[in-house]
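The values are calculated or read from the model by the stated rules, or taken from the named source; none is laboratory data. Owing to the predicted nature of the structure, the values given are computational and were not obtained by experimental measurement. We place every Cβ from the backbone using ideal geometry, glycine too, and count neighbours over all the protein chains shown.
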Amino acid sequence: MPKITSNEGKEFAEIGNLVRNLRLRRGLSQSDLAHAAGINNSYLSRIENGERRPSPKILRRFSEILHYPYDDLVVKSGILSEDFVRQTPGRQGLQDGTPASSNGTGQAEDTSSVLRQLISSIQTGSGITSAALAKRGIPVLDSVTAGLLKEANVVEAHSDVPKLVLSEDELGFDQRAFALVVQGDSMVEAGILDGDIVVVSPNTQVNSGDIAVVLVNGSSTTCKKVYVESGRVILQPANSHYRPQVLSYPEEVEILGKVILVRRKLL
C-alpha cells in the first residue's frame with residue numbers, strides 16, 4: 001500500500017492528503033488524475049500540497065474518477081461541515097455513520113444542490129427557502145428564431161424540446177428562463193465552451209458588459225458580452241481571435257436575456 005503522506009500545518013491539508021492518497025491507491029500519477037479531471041498538473045499539485053481547496057465542481061470529478069463518496073470529499077474540504085450534511089434531508093448515509101454513495105443514486109446531487117443554495121444564501125444574506133429549493137424544467141434550445149420566446153411561459157409553449165431541471169434560485173425565479181446550447185469557441189476566455197449549456201433569464205436586467213444571448217437579424221442566435229450605446233449594440237467575443245460586431249439597435253439585434261448560469265453538460 002502506498003505510504004500515507006501529510007501536509008501538516010497547511011490550510012487545506014486534510015483534503016489534499018485525502019486526494020493524494022486516493023490517487024496513489026488507484027495507481028494514478030498526478031498527470032493521470034489532472035488530465036481526467038480537466039485541470040493542469042500545477043493546480044492539482046497545489047491541491048495535494050494543501051495550498052488550494054478544490055471547488056465543488058472539481059470535487060465531483062474527483063469523486064467519479066477516484067470512486068470515493070462526494071459527500072466525504074465535500075466535508076473533508078471544509079466546504080460543508082459534517083453536522084450540516086447530517087442534518088440535511090436525504091443524507092441518511094452520513095446519519096448512520098456510513099458515507100453516502102455518489103454513484104448515481106441521486107444522493108450526491110442533493111449535496112450539490114445544498115452547496116449551491118448555501119453559497120447563494122451567503123452571498124445574499126438570506127436563508128435557504130423552500131421556494132429557492134423548488135425544481136422546475138426549462139427547455140434546452142439549439143437556436144432561437146424570431147417570436148419563439150414571445151409566449152408568457154416558454155416551458156409550457158415548447159413542451160416538445162428537451163428539458164433541464166434546476167432550482168428556482170438557479171433560474172433566477174424567472175418563469176421565462178430557457179437554456180441554450182453554445183456553438184463555437186467565441187466565449188472560451190469567459191469559461192464558456194463549445195457544447196456548454198447557458199441558462200438565460202429574459203426578465204433579468206442586462207447591463208453593459210454583461211454576457212447575454214441575442215438574436216441577430218431575426219435568425220442567428222449568439223452568446224456574447226453586450227455593450228449598449230446610443231442606437232447601437234457592440235457584441236464582444238471573449239476570444240482574442242474574434243472581432244466584435246457593431247449592430248444597430250433595435251433594428252438588427254434583439255437582446256433575449258442575461259446568461260445567469262453555465263452548465264458544462266446536460267445530465
Any residue in region 146-161 that is under 21 Å from ASN217 (Cβ atoms), modelled with pLDDT of 90 or more and out of contact with any Gly (no Cβ under 7 Å at 6 or more places or on another chain)? no
Quick check on my filter: what residues within region 243-263 are part of a strand (DSSP E or B) and aromatic (Phe, Trp, Tyr)? none
Restricting to region 56-84, give me the number of residues that are in contact with a Lys or Arg (Cβ under 9 Å, 6 or more places away or on another chain), outside any helix (DSSP H, G or I) and modelled with pLDDT of 90 or more. 1
Checklist (1) without any contact (Cβ under 8 Å) to a residue 60 or more places away in the chain; (2) small (Gly, Ala, Ser); (3) in contact with a strand residue (DSSP E or B) (Cβ under 6 Å, 6 or more places away or on another chain); (4) under 30 Å from LYS135 (Cα atoms) applied to GLY184, failing item: (3)
In this structure, is ILE255 farther than 21 Å from LEU193 by Cβ, aliphatic (A, V, I, L, M), buried (at least 17 other Cβ atoms within 10 Å of the Cβ) and at pLDDT 90 or above? yes
Hey, SER167 touching a helix residue (DSSP H, G or I) at 6+ places or on another chain (Cβ under 9 Å), crowded, with 17+ Cβ neighbours inside 10 Å, of a type in the set (Ser, Thr, Tyr) and in the same structural domain as ASP142 (by TED's automatic domain parsing) or not: yes
Of the residues that sit in region 231-242 and are in a strand (DSSP E or B) and of a type in the set (A, V, I, L, M), which one is nearest to the chain's Cα centre (by Cα)? LEU235
Of the residues VAL198, VAL228, which single one is out of contact with any helix residue (DSSP H, G or I) (no Cβ under 9 Å at 6 or more places or on another chain), modelled with pLDDT of 90 or more, assigned to a strand (DSSP E or B) and assigned by TED's automatic domain parsing to the domain that holds LEU247? VAL198
Give ARG23, ARG53, ARG46 a once-over and let me know the one that is outside the structural domain of GLY191 (by TED's automatic domain parsing), part of a helix (DSSP H, G or I) and in contact with an Asp or Glu (Cβ under 9 Å, 6 or more places away or on another chain). ARG23
Taking region 26-43 and keeping only residues that are polar (S, T, N, Q) and in a loop (DSSP other than H, G, I, E, B), one is left with SER29, ASN40
